[in-house]
Amino acid sequence: MSNDRDFGHPSVTVFTRRRLLWLGGGTIAALGLAACSAPAASPTTAPKAATTTPAKPADQAAAPATKPLAQAESAAVRVGFLPFVTLSNLFFAVEKGWFKQANLEVELKQYESGASQLAPLLSGEIDIITGSNPYPGFFNTVAQGGGIKAWLDGGQEKPGTGYVAVVVGKKLWDQGVRKPEDLAKAKGAKVGIVAPGAITQYAMAKGLQTAKLDPTKDVEWVTAPTPDLVKLLGGGQVDIASLPYDFAYTAQQQGLGNIAFSDDEMNPNLQLGLSITKADFLQNKRDAATRFAMVYVHANRQYNRVAKDPGQFPEALDIIAKYTFLKDKEVMKGISPHWSSFAENGEPNVESAMDYQNFYSTSIRLVERPVTIEQAFDLSVVREAVRRLDAEKPFGPI
């Protein structure tokens, strides 16, 4: 990504409270608008309330006897991905040969968002979704008996690593908005997000609630592609925007807005992304799923190392530039440590994800019928994978 990025002509949709409520009653396809918080890329082959009290999901199947990786049967796994720095764990695993070491033939397929991977998953075109926010379409599909499960961490906003930045225009910056509690000054503001139900809207809405504002009444939500949000912010047509840190960093360098704070300050440990698969993949291809999770968790741990000091890992930066929108290695280093981070045990923050569901089934109704933790999550495979990974230590460092 270059610092002289052309942010283009803005394409804007204003979502009033009535419009948001209408979306809540729509189909899964409509709810798929809740995309990730970064610009779209064309798909390629290279889319009564249950109790949701947070609790760790129980292991849902006993682990079968397993063979050492070198003796495991070869298995093909098709994985949907997004070309963002926060999914570089996946790219590291491919380029370093860790999947092959686990006798897995992994085929990557690029999509425009986490939501756009849902239909290919349900149809069997891919086996695993990566980079999906815990968006309304996921929970609605689970509620409708879609047979899908969240099973791996896809990134968390741990303190000091937040990848989502809150960027303010001149008006709010001059009014002193520098930290989450200052959002009380944003009453009546136009708030930029990529789509209703996106993780960026959820994060901002929770911050507004903490500042004693009502996200359904006290602000006006404006949706546009991420590059357009930057341009709107610079032109004063949006007062505040929730942006990926690389876009926020570039916008600040170009004088189009100022980074007030990052999401980890507003929503510490927020579950930024999930890896999702079909329940029958976990049951019928359990050994392959376990091996995939072993590689994935190892790659997560290596990603966390790189994110702390990218300049020490030139090969990793080359891999990121190869697979993602972000080409400028100085920006990669400049936004560190704001790359988000992964749980070392590979497990998503279930409490955070379920709070997302609760918010969109109450405050802004995009979730039609809430589901339980047991319906939405299966962490039995990742727990077995971590046990084997820590015992066998089969993979090398980045």
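Structure notes:
- With R₀ set to 35 Å, the beta-carbon distance separating LYS212 from GLN252 gives a calculated FRET efficiency near 0.80.
- Tail weight of P(r) past 20 Å, computed on alpha-carbon pairs of the stretch 150-264, percent: 33 percent
- Cα-Cα over 19 Å, subset of LYS308/LYS329; LYS185/LYS206; LYS109/LYS308: LYS109/LYS308
- Value of Rg to Rh for the stretch 203-358, rounded to two decimals, is 1.01; Kirkwood radius and Rg both from alpha-carbon coordinates.
- Reachable aspartates and glutamates from LYS170, criterion Cα separation under 13 angstrom, eight or more residues apart if same chain: ASP239
- Nearest-0.05 FRET efficiency for LYS170 and ALA119, computed from C-beta distance (R0 41 Å): 0.50
- Residues THR86, THR362 arranged by fewest to most Cβ contacts within 10 Å: THR362, THR86
- Potential extension, LYS329-GLU105 segment - 0.36 nm per residue separation minus Cα distance: 77.7 nm
- Set of aspartates and glutamates near LYS149 by C-alpha distance (under 15 Å), chain-local residues within fewer than 8 positions excluded: ASP59, ASP127, ASP280, GLU347, GLU374, ASP378
- Seen from every direction in turn and averaged, the convex hull around the alpha carbons of the stretch 338-398 projects onto 6.2 nm².
- Between the amide H of LEU152 and those of SER275, distances stay under 5 Å, these residues lying 5 or more places away or on another chain, with hydrogens modeled in the peptide plane.
Since every read-out is calculated from the coordinates, none of them should be taken as a lab result. These numbers were taken from a predicted model, which means no experiment stands behind them. Please note: Cβ atoms are built from the backbone with ideal geometry, for glycine as well, and neighbour counts cover all protein chains shown.
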